[in-house]
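**Q** First the structure, then my questions, so here it is.
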Amino acid sequence: MAKIIKNMKNKKENFAYETYKSVESSTNFSSAKELQEYRSLLMDRVYKKEIPFIKKKFPKGLGSTLEVGSGNSRILYALEKENLITKAIGLEISPSRSTFAKEWKKDLKSKIVENICGDIFSMDIKEKFDTVLCLTSIFPFFDMLEKDGLNKFIKKANQLLKPNGIIILESVTFKQEIECALSYEGKVNLWAEFKKTDPFQFNLVEYVWNEKKRELVATTYNTMRHKLFIDGPTTKKWHMEESKTIEKKLSKNSFQIQSVYGGYNGNTYKSNSLEYIFIAKKIKK
């Protein structure tokens with residue numbers, strides 16, 4: 001499948017590349033055991049959230065699938081194991097994450113997932129798919145990467161889908177983080193501890209919320225568990241659209257909304273939901 005994709009003219013590296021370029025680097029793991037524990041943790045997450053949801057909503061599977069922002073390809077590998085995809089491409093902007101995914105593929109003996117390092121806005125993709133996935137809070141990045149980026153992505157996703165193909169968009173809404181920031185005049189510092197199987201121990205993050213522009217910026221530091229090393233700062237930027245605005249962009253680009261959920265529990269989206277999942281079908285213009 002690699003022959004059907006080629007790089008377009010290289011673009012200036014953006015914050016998404018800078019943020020993720022060294023994530024899951026092999027140097028983050030002190031031993032093969034630690035690496036395996038981390039992989040197991042990733043799969044535990046998939047089987048608690050994405051897999052039960054997709055099995056229930058798509059019992060016949062997703063067919064040929066393109067995942068944009070696939071990261072370590074954990075979702076695609078789990079879908080392959082459950083026979084929920086026929087073939088797949090994982091497109092990931094981070095070289096280290098793409099490498100991590102390729103090494104994991106060897107160990108899993110995956111036969112139908114291909115990992116490609118690249119940017120959806122600068123790739124010419126020749127194949128057509130049954131499903132386009134954009135999960136784990138990636139799609140709110142697009143407006144921060146390019147002007148009208150989300151609309152451009154949705155338009156391109158339509159072009160990449162076969163007739164009646166499906167697009168699935170998922171993100172957390174960051175409502176709690178935004179509320180915390182608003183309580184402190186738009187800026188708040190938060191921290192959390194990772195599970196013991198994660199090579200990193202603490203996550204320290206500053207959230208800055210611009211209500212007028214509906215932009216959330218997170219500056220993050222991660223501390224290692226077994227050595228004196230701080231990974232950061234890294235910056236993530238999201239443009240947090242209201243649900244109705246996203247639905248309008250999907251409709252504008254010839255998608256018919258099938259469902260809007262408030263998370264992987266399958267409940268209908270409400271204004272206080274902490275996640276949203278949009279499922280839409282490509283329709284004829």
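**Q** When the helix-only estimate is applied to the chain (DSSP H runs of n ≥ 4, each -39,500 (n - 2.57), divided by the residue count), what is the mean residue ellipticity at 222 nm, nearest 500 deg cm²/dmol?
**A** Result for the chain: -9000 deg cm²/dmol, rounded to the nearest 500.
**Q** Compare the peptides 101-109, 275-283 by average per-residue count of other Cβ atoms within 10 angstrom and give them in order, highest first.
**A** Per-residue mean Cβ counts within 10 Å order the peptides as 275-283, 101-109.
**Q** If r is the Cβ-Cβ distance from residue 227 to residue 252 and R0 is 51 Å, what FRET efficiency results, to the nearest 0.05?
**A** 0.55
**Q** What's the ranking of 148-157, 206-215 by average number of surrounding C-beta atoms within 10 Å, highest first?
**A** Ranked from most to least packed, the peptides come out as 148-157, 206-215.
**Q** Quick one: which residues, 5+ away or cross-chain, put their amide H under 5 Å from the amide H of residue 87? H built at 1.01 Å from N.
**A** Amide H neighbours of residue 87, under 5 Å, 5+ apart: 64, 65.
**Q** Nearest-5 percent of antiparallel DSSP beta bridges in the chain? All intermediate terms of the calculation are to be shown ahead of the outcome.
**A** Values: 42 of 60 bridges.
Restricted to the chain, the bridges split so that about 70 percent are antiparallel.
**Q** How many percent of the accessible area of the chain is carbon or sulfur, using a 1.4 Å probe?
**A** Its accessible area is 51 percent carbon and sulfur atoms.
**Q** Per residue of segment 59-71, in order, report the coupling 6.51 cos²θ - 1.76 cosθ + 1.60 (Karplus, θ = phi - 60°) as ³J(HN,Hα) in whole Hz, putting x for Gly and Pro.
**A** Each residue's phi maps through the Karplus curve to give x, 8, x, 9, x, 6, 9, 10, 9, 9, x, 6, x Hz.
**Q** Name the residue from 182, 22, 46 whose Cα lies farthest towards the positive end of the charge dipole of the chain, charges +1 on Cβ of Lys and Arg and -1 on Cβ of Asp and Glu.
**A** Comparing the listed Cα positions along the dipole, 46 ranks first.
**Q** Additional query: In debye, nearest 20, what is the charge dipole magnitude of the chain about its Cα centre with +1 on Lys and Arg Cβ and -1 on Asp and Glu Cβ, if you could check?
**A** Roughly 1240 debye for the chain.
**Q** Nearest 0.05, what FRET efficiency do residue 189 and residue 124 give at R0 = 45 Å with Cβ-Cβ as r?
**A** Calculated transfer efficiency: 0.60.
**Q** Among 267, 217, 165, flag the residue with its Cα farthest along the positive direction of the charge dipole of the chain, charges on Cβ as +1 for Lys/Arg and -1 for Asp/Glu.
**A** Toward the positive end, the furthest listed residue is 165.
The values are calculated or read from the model by the stated rules, or taken from the named source; none is laboratory data. For clarity, every value in this text was computed on a predicted model and none was experimentally measured. We place every Cβ from the backbone using ideal geometry, glycine too, and count neighbours over all the protein chains shown. The protein model used for the area step is the full one, side chains on, heavy atoms only, and it has no ligands, DNA or RNA in it. Shrake-Rupley method; radii C 1.70, N 1.55, O 1.52, S 1.80 Å.
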